[in-house]
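Q: Can you keep this structure in mind? I'll have questions shortly.
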Amino acid sequence: MRNVSKRALITGITGQDGSYLAEYLLSKGYEVHGTIRRASTFNTQRIDHIYQDPLEKSTKLFLHYADVSEFSSIEKLIRSVEPDEIYHLAAQSHVKVSFDLPVYTGNVTGVGSIVLLEAIRRSEINSKFYQASSSEMFGSSPPPQNEETRFHPRSPYGVAKVYAYWACVNYRESYGMFASNGILFNHESPRRGEIFVTRKITRAIAAILADKQSKLYLGNLDSKRDWGFAPEFVVGMYKMLNHSKPDDFVLSTGKTTSISEFLELAFTYVGLNWKDYVKIDPKYFRPAEVDHLLGDSTKAEKELGWKARVSIEDLVKIMVDADMQLYGLKPIGDGFMYLKENGYNWTENKLTVG
């Protein structure tokens, strides 16, 4: 017999957003299920601190092997778990990689979404569905970008996300499903993957300070992004599926920062001049650039009561402090102090929410 707690299924639970979302939902009493991919090595570092022995009756976090591009396994999983809410976060999410692997990106990032939607429909299980859409869908559309801005993606990743976005809208309108798109602008944290530019920068700073690295190689420094704090953004995901009706929402900070400005903030925080360490490497340029992303979250603020709070300055300090600690260095401390003062817990390199 099913217990009274809500049950959520998170695809991509081992990623940055998936791990924070799992923590947040567990703090609200949810039973959380997550999908992981089979691999020769474990890739659960971001959730190891909350994962318990599945044989223990007290556990509320369960992991399942699944492939979002394989319909039968996903439909079987949904029938087995019977989730109240499904958060579809799994994707090939690196824009530069999508140019190298466009077909794979289309299958996983685009078609994977319709696999989930069709599996929900056929199972006839009344699951609310969250689609992780992206600001990369806007591409070259001029800022600020909101829910009414036209899409003009500039990468295979952006194209795949547009397909997934409209699949979500189509299933909502065709079948009356509770399906919502969260159009999230860039959001970062100490759990950000090391190949993404913000984490690449903060980790390089720590490595330079530890005498493990001498140079940092980057591409276009003029690109401007709207960077927020990932733990705040997963709260927005939750609010979308607990809203009175399904809809599409932009989540952003409303402030734009160039990569060169991010470098200035991060290196200055530790007393270094970024120009002494950064070199431009043409291989890191995209075939088609997205120059300026700046989100307008007015709708989310009015209807969901959601608003980004962490500034780019504090975000940089948090990430630099975390990477310094990772390298065995004493952090500057301002970033960790901000977390403590704002209700976050930082212990043993793990940032917990809720």
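Q: Kirkwood hydrodynamic radius for segment 83-159: how many Å is it when counted over pairs of different Cα atoms?
A: On the way: mean 1/r = 0.0733 Å⁻¹.
This gives a value of 13.6 Å.
Q: Of Ala8, Phe262, Trp227, which is farthest towards the positive pole of the chain's charge dipole, taken about the Cα centre with +1 and -1 on the beta-carbons of Lys, Arg and Asp, Glu respectively?
A: Ala8
Q: Still on this structure: Give me the Kirkwood hydrodynamic radius of the chain, using the inverse of the mean 1/r over all pairs of distinct Cα atoms, in Å to one decimal. If you can, show how the numbers build up before the last one.
A: Working: mean 1/r = 0.0481 Å⁻¹.
Every distinct Cα pair counted, the radius reaches 20.8 Å.
Q: Using a simple charge model, +1 on the beta-carbon of Lys and Arg, -1 on the beta-carbon of Asp and Glu, nothing else, what dipole does segment 157-242 show about its Cα centre, in debye to the nearest 20? Provide the component values of the computation, followed by the final result.
A: Details: 12 positive and 7 negative charges, 43 e Å.
It comes to approximately 200 debye.
Q: Something else: Under a straight-distance cross-link criterion of Cα-Cα below 18 Å, which aspartates and glutamates are reachable from Lys317, leaving out those fewer than 8 residues away in the same chain?
A: Here the aspartates and glutamates satisfying the reach criterion relative to Lys317 are Glu188, Glu194, Asp226, Glu232, Glu261, Glu264, Asp334, Glu341, Glu348.
Q: For Tyr30, what is the net charge nearby, where nearby means another residue's Cβ is under 9 Å from its Cβ and Lys, Arg count +1, Asp, Glu -1?
A: Working: positive: Lys6, Arg7, Lys28, Lys60; negative: Glu31, Asp84, Glu85.
Residues close to Tyr30 contribute a combined charge of +1.
Q: I'd like the orientation of helix 197-209 relative to the chain: the angle between its Cα long axis and the longest Cα principal axis, in ° from 0 to 90, rounded to 10.
A: 40 degrees
Q: With just the Cα atoms defining each centre, how far is segment 69-108 from segment 173-245? Give it in Å.
A: 18 Å
Q: Quick one: work out the % antiparallel among DSSP beta bridges in the chain, nearest 5. Present the calculation step by step, with values, prior to reporting the outcome.
A: Values: 5 of 40 bridges.
Around 10 percent of the beta bridges assigned by DSSP in the chain are antiparallel ones.
Q: Counting only residues 5 or more places away or on other chains, whose amide H sits under 5 Å from the amide H of Ile86 once H atoms are built in the peptide plane?
A: HN-HN under 5 Å from Ile86: Leu9, Lys128, Phe129, Tyr130.
Q: Between Ser258 and residues 5 or more places away or on another chain, which pairs have amide H atoms under 5 Å apart, with H built 1.01 Å from N, and which residues are they?
A: Correct list: Arg225.
Q: Mind putting a number on the dipole of the chain about its Cα centre? Charges go on the C-beta only, +1 for Lys and Arg and -1 for Asp and Glu, and I need it in Debye to the nearest 20. Spell out each step's value before the answer.
A: On the way: 43 positive and 43 negative charges, 78 e Å.
Dipole of the chain, to the nearest 20 debye: 380 debye.
Q: Could you give the length gained on full extension between Glu261 and Ser140, defined as 0.36 nm per residue of separation minus the Cα-Cα distance, in nm?
A: Working: separation 121, 0.36 × 121 = 43.56 nm, distance 2.08 nm.
Net length gain for the segment: 41.5 nm.
Q: Taking the simple approach of a point 7 Å from Cα along Cα-to-Cβ for both Asn107 and Tyr175, what is their distance in nm?
A: 2.3 nm
Q: Additional query: Please list log₁₀ I(q)/I(0) at q = 0.17 Å⁻¹ for segment 95-210, using the Debye equation with identical point scatterers on the alpha-carbon positions.
A: -0.91
FYI, it's all coordinate maths here, none of it is from the lab. This is a predicted model, so every value here is computed, not measured. No Cβ is skipped: glycine too gets one built from the backbone with ideal geometry, and neighbour counts run over all protein chains shown.
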